[in-house]
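The structure appears right after this line, and notes come after that.
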2 protein chains.
Amino acid sequence: MNFIDLEYVPGKDDVIAEYYVEPNRISFEKACNHIAGESSIGTWTSLTTMKERILRDLKPSVYYINKKERIMRIAYPLELFELGNIPQIMSSVGGNVFGMKVIRNLRLLDIHFPAMYIKSFKGPVHGISGVRKITGVRKRPLLGTIVKPKLGLDEKEHAKSAYDSWTGGLDLVKDDENLTNMKFNRFEKRVAETLKMRDKAERETGERKFYMPNITAEANEMIRRAEIVKGYGGEYVMVDIVSVGWSALQTVREFNENMRFVIHAHRAGHAAFTKNLKHGISMLVVAKLARLIGVDQIHIGTADVGKMEGSREEITEIEDEIEESLILEKGHVLEQKWHHIKPVFAVASGGLHPGSIPRLVKRMGCNVIIQAGGGVHGHPKGSLAGAKAMRQALEAVMEGVSLKEYAKRHEELREALNKWK
Amino acid sequence: MNFIDLEYVPGKDDVIAEYYVEPNRISFEKACNHIAGESSIGTWTSLTTMKERILRDLKPSVYYINKKERIMRIAYPLELFELGNIPQIMSSVGGNVFGMKVIRNLRLLDIHFPAMYIKSFKGPVHGISGVRKITGVRKRPLLGTIVKPKLGLDEKEHAKSAYDSWTGGLDLVKDDENLTNMKFNRFEKRVAETLKMRDKAERETGERKFYMPNITAEANEMIRRAEIVKGYGGEYVMVDIVSVGWSALQTVREFNENMRFVIHAHRAGHAAFTKNLKHGISMLVVAKLARLIGVDQIHIGTADVGKMEGSREEITEIEDEIEESLILEKGHVLEQKWHHIKPVFAVASGGLHPGSIPRLVKRMGCNVIIQAGGGVHGHPKGSLAGAKAMRQALEAVMEGVSLKEYAKRHEELREALNKWK
């Protein structure tokens, strides 16, 4: 079967996938053809059960080939996909194709979704404007921390660390990705203790404060844990979206239609398939799927400032994709209209500290949640001072003053800058 | 913090992870140290919140380093992990570590689970012996097909194709990975029509026949679809485990404690992170996690016979891991005692046809489910003849007769061998 048709003009209902392709001992065109077939209606041999009708209605078209850059695009009829089912589309355009012997490397760079597909999802309950409304923080970046060490504190120590972070000036406190319901730190007790300290911090600071408990687990256990959070008056839940998978993330979002949590998406494990630029799936695709399903906040990287991968350019592309309502085609980013789907808050996290804030805000703007774990709890004077230093650094940036200058009058910031040069 | 301790001898309760490591501009030892910290209690800077108690009880040890082969092993105290929660352990040993700038490539090769961790999971409801009992096939490999084309047939055409496959001699008929609840082929109607034809095929052949409907979707929708299957008298469900993710797979297994389906695990998308031998997560780890959670059958590759990736050696290692109750340490495979967890049936699928069977059985033994999609429905005389040819090829192998010889008296096999040389 031939799926290559360079004359084909994608229709408004087509799903479009863009791939980087390195064939293995076959031509580039043949490789593209195999990928189009395996991800839709084809297989490795001719079929006696194939029908004219199927070829007419469901045949995908490889309509764009750039051999030099090893890029190609496939337009798929929408009927190949079940509306509202992310695992199904991933089994198609992000499925068997990676494992074929005739392909050396293959990377799914982007997916364009037509209006009808987009409309089968609800997207974020709150999105950026909702989070700003709930937090009461109108313009500046939000500041958060991850309680550290990742594991080992008991429930009260955890709550105390959170309290110090809030009273020092941070808005959000998050569990680390591997902290769930542990022997030494039980989920329900941690939530109860920490939210109690949140109330205290709110009373003392006059600011709204938020705790993001990690509910990562089996799907219905996540719902049970979310209900516990609700019971203690929490407004946020955190889910590790790659570790739990698309299906359970959809479950959490379904549930959230009534519960109205802000969903914070961590992405541990994404780099197992996003890091190699020639193979796997791009973080842009992960972020798009997460927006479509409906997380409110998502980790996208630190724009070459912190300890994690991700170039400035890549992070800018991803941030635009999750924040804007219309994305125009540019380079390897496909056109995307987001219709009713709200914008998602970008989270920068990993190896950040007060000194990172000016460059981060320059690169990612004010619609960003800046999180520092070690960069708060590693402050020489402890978590409270660490949180103060973060807030001071942000104040300096918002006032247009250099950190060095601001640090002259702010001891905590000065100490932070001395430790992390 | 230093996590390297080559004198350390892992205790019986330790979780052990083996990694292939390529550092990025730091020494091998430093890279190992970063990985151990990031996957447990450490971060990129010193912490004022660290406690003696935490270091004593929760510190992991890099206890084995083979710099030449770039291999290292980390022993983790069991308390770092929540029992019964696969997403949590993957957020730890298969999480942030892949995305650190100080690492160029990193591959999680194997995980050893201690008894207490294993005991927090139920494993397969049926396993190999259960599937053999249900199907009534005692010794030979099971034969299956995937209805082809992947998408496009309506419910009745689908059921007819299944009927031809069963009456031709196959045991199992499976939906393809991208066939769920489609506009042109609705899930419930397909299940109803196909199971009706199964009853007919059973009456006519006197053999048990099985349909594996693809329930891949949002977690609770999967449960709803499984209930539909039960309502029409089905005994199998198929789940695309990578596309749905670990959390929802656990949900399906929880549900299955009462429903007693045979769970067939497809693995579309695994190669996005298993294919590159220097980065990502090995298929061995995926198969171990699937066994632990409790699928009954899983695609593991075709031992270099079909269209999909996977060397003979790798497939043999994976097959042993899912079939045996005790795995001894060998090369990069860690020791593993499976305790109460039943063996899982290996599925070979992808680019297979009757001519593949002798080599497949030689390499994978008789405890294997051999599936051919194109290799059945691509037979010059159609699906019925294709199914006959598969069964004939298996009979020949079981009788120790060459296919060439057997084909002299079996027309369908002869035609298949002529098409696929």
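The values are calculated or read from the model by the stated rules, or taken from the named source; none is laboratory data. These numbers come from a predicted model, not from an experiment. In this analysis, Cβ positions are derived from the backbone assuming ideal geometry, glycine residues included, and neighbour counts consider all displayed protein chains. Only protein heavy atoms, including side chains, enter the accessible area calculation; ligands, DNA and RNA are left aside. Shrake-Rupley method; radii C 1.70, N 1.55, O 1.52, S 1.80 Å.
Scanning the stretch B:211-224 for residues that are within 13 Å of chain A (Cβ to nearest Cβ) and open to solvent by less than 10 Å² (accessible area, probe 1.4 Å) gives B:Asn214, B:Ile215, B:Thr216, B:Ala217, B:Ala219, B:Met222.
Of A:Glu405, A:Glu411, A:Glu399, A:Glu415, which residue is surrounded by fewer than 21 Cβ atoms within 10 Å (Cβ to Cβ) and within 14 Å of chain B (Cβ to nearest Cβ)?
Numbers: A:Glu405 fails: within 14 Å of chain B (Cβ to nearest Cβ); A:Glu411 fails: within 14 Å of chain B (Cβ to nearest Cβ); A:Glu399 fails: within 14 Å of chain B (Cβ to nearest Cβ).
Testing whether each residue is surrounded by fewer than 21 Cβ atoms within 10 Å (Cβ to Cβ) and within 14 Å of chain B (Cβ to nearest Cβ) leaves just A:Glu415.
Collect the residues in the stretch B:136-156 that are surrounded by fewer than 20 Cβ atoms within 10 Å (Cβ to Cβ) and either in contact with a helix residue (DSSP H, G or I) (Cβ under 9 Å, 6 or more places away or on another chain) or not assigned by TED's automatic domain parsing to the domain that holds B:Gly386 (or both), keeping them in residue-number order. Residues satisfying the conditions are B:Val137, B:Arg138, B:Lys139, B:Arg140, B:Asp154, B:Glu155, B:Lys156.
The number of residues in the stretch A:205-229 being in contact with a Lys or Arg (Cβ under 9 Å, 6 or more places away or on another chain) and either not polar (S, T, N, Q) or not assigned by TED's automatic domain parsing to the domain that holds A:Trp166 (or both) comes to 8. Determine whether B:Asn181 is surrounded by 24 or more Cβ atoms within 10 Å (Cβ to Cβ) and either outside the structural domain of B:Ala271 (by TED's automatic domain parsing) or polar (S, T, N, Q) (or both). So B:Asn181 fails the test. When restricted to residues that are over 21 Å from A:Leu326 (Cβ atoms), within 12 Å of chain B (Cβ to nearest Cβ) and of a type in the set (Gly, Ala, Ser), the stretch A:270-308 contains 5. For the stretch A:303-399, the helices (runs of 4 or more DSSP H) that sit wholly inside it and include 1 or more residues that are in the same structural domain as A:Ser282 (by TED's automatic domain parsing), of a type in the set (Asp, Glu) and farther than 24 Å from A:Lys139 by Cβ are A:312-323. Would you mind stating whether B:Leu6 is open to solvent by 60 Å² or more (accessible area, probe 1.4 Å), more than 7 Å from chain A (Cβ to nearest Cβ) and under 25 Å from the mean Cα position of the chain (by Cα)? When the stated conditions are applied, B:Leu6 does not pass them. Within the stretch B:15-30, the set of residues being open to solvent by less than 30 Å² (accessible area, probe 1.4 Å) and among the hydrophobic types (A, V, I, L, M, F, W, C) comprises B:Val15, B:Ile16, B:Ala17, B:Val21, B:Phe28.
Within the stretch B:180-210, the residues that satisfy the criterion of being away from every other protein chain (no Cβ under 13 Å), under 24 Å from A:Gly84 (Cα atoms) and not hydrophobic (A, V, I, L, M, F, W, C) are B:Glu188, B:Lys189.
Being at pLDDT 95 or above and within 22 Å of A:Leu413 (Cα to Cα) narrows it down to one residue among A:Ser356, A:Ser325; which is it? Being at pLDDT 95 or above and within 22 Å of A:Leu413 (Cα to Cα) holds for just one of A:Ser356, A:Ser325, which is A:Ser356.
So, in the stretch A:135-173, how many residues would count as being within 20 Å of A:Glu204 (Cα to Cα), within 14 Å of another protein chain (Cβ to nearest Cβ) and within 20 Å of the chain's Cα centre (by Cα)?
First, the residues of the stretch A:135-173 that are within 20 Å of A:Glu204 (Cα to Cα): A:135-137, A:142-145, A:156-173.
When the remaining residues are screened for being within 14 Å of another protein chain (Cβ to nearest Cβ), the result is A:145, A:156-165, A:168, A:173.
Subsequent filtering for residues that are within 20 Å of the chain's Cα centre (by Cα) retains A:145, A:173.
So the count comes out to 2.
The single condition among (1) open to solvent by 10 Å² or more (accessible area, probe 1.4 Å); (2) closer than 27 Å to A:Ile215 by Cβ; (3) not aromatic (Phe, Trp, Tyr) that B:Lys278 does not meet is (2).
For the stretch A:184-222, the set of residues classified as more than 30 Å from B:Glu218 (Cα to Cα) and part of a loop (DSSP other than H, G, I, E, B) consists of A:Phe184, A:Gly206, A:Glu207, A:Arg208, A:Lys209, listed by residue number. Considering each of A:Lys388, A:Lys381, A:Lys337 in turn, give the residue that is more than 18 Å from the chain's Cα centre (by Cα) and away from chain B (no Cβ under 14 Å). Selected residue: A:Lys337, the only one of A:Lys388, A:Lys381, A:Lys337 that is more than 18 Å from the chain's Cα centre (by Cα) and away from chain B (no Cβ under 14 Å). Residues in the stretch B:378-392 that are within 21 Å of B:Gln297 (Cβ to Cβ) and open to solvent by less than 10 Å² (accessible area, probe 1.4 Å): 2 in all. For the stretch B:68-124, taking the residues that are within 24 Å of A:His266 (Cα to Cα) and among the aromatic types (Phe, Trp, Tyr), the one that is nearest to the other protein chains (Cβ to nearest Cβ) is identified as B:Phe98. Looking at this structure, is B:Leu108 within 22 Å of B:Lys288 (Cβ to Cβ), in contact with a helix residue (DSSP H, G or I) (Cβ under 9 Å, 6 or more places away or on another chain) and either assigned by TED's automatic domain parsing to the domain that holds B:Tyr211 or aliphatic (A, V, I, L, M) (or both)? Here the answer is yes, as B:Leu108 does meet what is asked.
Can you say whether A:Pro10 is touching a residue at least 40 places away in the same chain (Cβ under 8 Å), assigned by TED's automatic domain parsing to the domain that holds A:Asp110 and of a type outside the set (D, E, K, R), as far as the supplied structure shows? The answer is no for A:Pro10.
Kindly indicate whether A:Thr167 is surrounded by fewer than 24 Cβ atoms within 10 Å (Cβ to Cβ), assigned to a helix (DSSP H, G or I) and either out of contact with any strand residue (DSSP E or B) (no Cβ under 7 Å at 6 or more places or on another chain) or on the phi < 0 side of the Ramachandran plot (or both). First the steps, then the outcome.
Numbers: surrounded by fewer than 24 Cβ atoms within 10 Å (Cβ to Cβ): yes; assigned to a helix (DSSP H, G or I): yes; either out of contact with any strand residue (DSSP E or B) (no Cβ under 7 Å at 6 or more places or on another chain) or on the phi < 0 side of the Ramachandran plot (or both): yes.
So A:Thr167 fits the description; yes.
Counting only residues that are facing another protein chain (nearest Cβ under 7 Å), surrounded by 24 or more Cβ atoms within 10 Å (Cβ to Cβ) and either over 14 Å from the mean Cα position of the chain (by Cα) or without any contact (Cβ under 8 Å) to a residue 60 or more places away in the chain (or both), the stretch A:252-269 holds 1 of them.
Looking at the stretch A:356-377 only, could you name the residues that are surrounded by fewer than 20 Cβ atoms within 10 Å (Cβ to Cβ) and small (Gly, Ala, Ser)? If the condition is that a residue be surrounded by fewer than 20 Cβ atoms within 10 Å (Cβ to Cβ) and small (Gly, Ala, Ser), then A:Gly365 is the only one that fits. Within the set B:Glu319, B:Glu329, B:Glu323, the sole residue that is open to solvent by 60 Å² or more (accessible area, probe 1.4 Å) and acidic (Asp, Glu) turns out to be B:Glu329. Could you check, for the stretch A:50-65, whether at least one of its residues is open to solvent by 10 Å² or more (accessible area, probe 1.4 Å) and under 26 Å from the mean Cα position of the chain (by Cα)? Taking every residue of the stretch A:50-65 in turn, none turns out to be open to solvent by 10 Å² or more (accessible area, probe 1.4 Å) and under 26 Å from the mean Cα position of the chain (by Cα).
Tallying residues that are β-branched (Val, Ile, Thr) and either in contact with a His (Cβ under 9 Å, 6 or more places away or on another chain) or under 22 Å from A:Ala348 (Cβ atoms) (or both) within the stretch A:245-274 yields 3.
Residue selection: B:Ala272 satisfies the criterion of being open to solvent by less than 20 Å² (accessible area, probe 1.4 Å), closer than 21 Å to B:Asn105 by Cβ, touching a strand residue (DSSP E or B) at 6+ places or on another chain (Cβ under 6 Å) and hydrophobic (A, V, I, L, M, F, W, C).
Can you name the residue in the stretch B:225-250 that is at the interface with chain A (Cβ under 7 Å from one of its Cβ atoms) and hydroxyl-bearing (Ser, Thr, Tyr) and, of all such residues, is surrounded by the most Cβ atoms within 10 Å (Cβ to Cβ)?
Step one: of the stretch B:225-250, the residues at the interface with chain A (Cβ under 7 Å from one of its Cβ atoms) are B:240, B:243-248, B:250.
Still in the list and also hydroxyl-bearing (Ser, Thr, Tyr): B:243, B:247.
On the way: B:Ser243: 29, B:Ser247: 32.
So, considering only residues that are at the interface with chain A (Cβ under 7 Å from one of its Cβ atoms) and hydroxyl-bearing (Ser, Thr, Tyr), the one surrounded by the most Cβ atoms within 10 Å (Cβ to Cβ) is B:Ser247.
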